[in-house]
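S.K.: Let me begin by handing over the structure; questions about it come next.
The values are calculated or read from the model by the stated rules, or taken from the named source; none is laboratory data. What you see is a predicted model; the values in this text were computed from it and never measured. As a convention, Cβ positions derive from the backbone with ideal geometry for all residues, glycine included, and neighbour counts pool all protein chains shown. The protein model used for the area step is the full one, side chains on, heavy atoms only, and it has no ligands, DNA or RNA in it. Shrake-Rupley method; radii C 1.70, N 1.55, O 1.52, S 1.80 Å.
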Amino acid sequence: MYGTRLFDRPKHAEVKRSLLAFVGRPGPLGLEIGFDHGMCVLDRARSFPTFNQLGVELRQARVEAAAANAPDNCLLLRMDGRTLVTALLPDASIDWLYILFPTPPTSPKRALLTPAFAGSVHRVLRPGGCLWFATDRPELAALIDELFPWPTAAAPPPLGGQLSRRERVCRRDEITVSRRCLARPVPTVT
Ligand SMILES: C[S@@+](CC[C@H](N)C(=O)[O-])C[C@H]1O[C@@H](n2cnc3c(N)ncnc32)[C@H](O)[C@@H]1O
């Protein structure tokens, strides 16, 4: 599913190794799925040097351009976010997940926001960790509420000063943006 077996092949095994080494670094870890030009993830990495920032994006040229400017605490990879959360990240390895203006799916095969994805996010986000989400598509806001019936987080995750490309467009064109700041529930011990 989503090329999850790819990373068992020798050609891609090195990517998996460096990913897991990065995830194992000391300090909290943020993940941004679909970082596009990388303005936000790079800005967070520079603004919070003791935190680590991981980003994945499908478009190769975007990844190469952004990765060339990434500081040590930031790893940017060309990878499907679904592959990452489904097959590669260890349990409870992420402190903050950022999904900013995800692409509205053109077919079920391309959809990011699915029950399977939500289940994987539940696995990789640490209990109490935060999902930070923004969209200008009402149907995607409704979908997030359905997939993540989580309480609003007590505090937002670390945010830099940069706006994403789509956020700028929404601001310029006065398009309404829906936001969510949700906390993965902490399991109750019985
Ligand atoms: C609508 S753009 C928004 C980009 C940026 N986050 C913003 O707010 O301007 C969505 C981005 O997500 C990327 N993307 C879509 N599906 C993805 C997936 N499954 N994994 C990683 N990136 C994905 C696209 O290539 C695109 O750059």
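S.K.: Can you give the accessible area of D145, probe radius 1.4 Å, in Å² rounded to 10?
M.R.: Here the accessible area works out near 70 Å².
S.K.: If all Cα-Cα distances of the stretch 83-190 are sorted into 5 Å bins from 0 onward, what percent lands in each bin, rounded to whole numbers?
M.R.: With 5 Å bins starting at 0, P(r) equals 2, 11, 20, 24, 20, 14, 6, 2, 1, 0, 0.
S.K.: For the stretch 4-183, with the dipole built from +1 on Lys and Arg beta-carbon atoms and -1 on Asp and Glu ones, taken about the Cα centre, which of F51, Q162, P108 lies farthest toward the positive end?
M.R.: Highest projection toward the positive end goes to P108.
S.K.: While we're on this one: With springs only between Cα atoms under 10 Å, which of G27, G81, G38 fluctuates most in a Gaussian network model of the chain?
M.R.: Per the Cα network of the chain with a 10 Å cutoff, G27 tops the list.
S.K.: For the chain, which semi-axes, largest first and in whole Å, follow from the square roots of 5 times the eigenvalues of its Cα gyration tensor? Provide the component values of the computation, followed by the final result.
M.R.: On the way: eigenvalues 102, 82, 67 Å².
Whole-Å semi-axes of the equivalent ellipsoid: 23, 20, 18.
S.K.: Write down the percent of antiparallel bridges among all DSSP beta bridges whose residues are both part of the chain, to the nearest 5. Intermediate results must be reported in sequence, preceding the final value.
M.R.: Values: 7 of 27 bridges.
Taking every DSSP beta bridge within the chain, about 25 percent pair in antiparallel fashion.
S.K.: Okay, next question. Using a 1.4 angstrom probe on the protein heavy atoms only, could you order E139, E174 from most to least accessible area? Intermediate results must be reported in sequence, preceding the final value.
M.R.: Details: E139 90, E174 160 Å².
Result, largest first: E174, E139.
S.K.: Something else about it: Taking the chain as a Gaussian network, Cα atoms linked when under 10 Å apart, which of H122, H12, H37 shows the biggest mean-square fluctuation?
M.R.: Looking only at H122, H12, H37, the largest GNM fluctuation is found for H12.
S.K.: Sticking with this structure for a sec: On a C-alpha basis, how far is the centre of the stretch 102-152 from the centre of the stretch 3-34 in Å? Whole number, if you could?
M.R.: 21 Å
S.K.: Amide H of L97 versus every other amide H placed in the peptide plane: which residues, excluding those fewer than 5 positions away on the same chain, fall under 5 Å?
M.R.: Counting only residues 5 or more places away or on other chains, the set is L31, C130, L131, W132.
S.K.: Here is a further query. Probe 1.4 Å, all protein chains in place: accessible area of R168 in Å², nearest 10?
M.R.: 110 Å²
S.K.: I need the calculated FRET efficiency for the pair T106 and D8, taking r as the beta carbon distance and R₀ as 22 Å, to the nearest 0.05. Walk me through the numbers before you get to the answer.
M.R.: On the way: r = 29 Å, r/R0 = 1.32.
Given R0 = 22 Å and the Cβ-Cβ separation, E is 0.15.
S.K.: Report, by chain and number, residues whose modeled amide H sits under 5 Å from the one on Q53, excluding near sequence neighbours (fewer than 5 apart, same chain).
M.R.: G30, C74, L75
S.K.: Once every DSSP H run of n ≥ 4 in the chain is given -39500 (n - 2.57) and the sum is divided by its residues, what mean residue ellipticity at 222 nm do you get, rounded to the nearest 500 deg cm²/dmol? Mind showing how you got there, number by number?
M.R.: Numbers: 6 runs with 59 residues, N = 190.
It lands at -9000 deg cm²/dmol.
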